[in-house]
Amino acid sequence: MRTNHVLIDFENVHVKSLDLLDGEHYRVIVFLGPKNTKLPVELVIAMQKFGARGEYVMLE
């Protein structure tokens, strides 16, 4: 099965839930801008569930 990459620009789109992406064939990458100094607890917990399939990328 192929891997679907989901790219989220958190500075412009504030995600409410990642429940629909619950599957081994999803990889989630959240891009954070310099003004994103705090993240919602719900997002952090949802990203932890992805383990190595979830990643944060800090932008300058």
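Quick note: the coordinates plus some simple rules give every number you see, no bench work behind them. Values in this document were obtained by computation on a predicted structure and should not be read as measured data. Cβ coordinates were reconstructed from backbone atoms using ideal geometry, including for glycine residues, and neighbour counts include every protein chain displayed.
For residues that are farther than 16 Å from Glu60 by Cα and hydroxyl-bearing (Ser, Thr, Tyr), scanning just the stretch 1-49, find the one that is surrounded by the most Cβ atoms within 10 Å (Cβ to Cβ). The selected residue is Tyr26.
Evaluation of Leu20 against the conditions (1) over 12 Å from the mean Cα position of the chain (by Cα); (2) assigned to a loop (DSSP other than H, G, I, E, B); (3) without any contact (Cβ under 8 Å) to a residue 24 or more places away in the chain shows that the sole unmet condition is (2).
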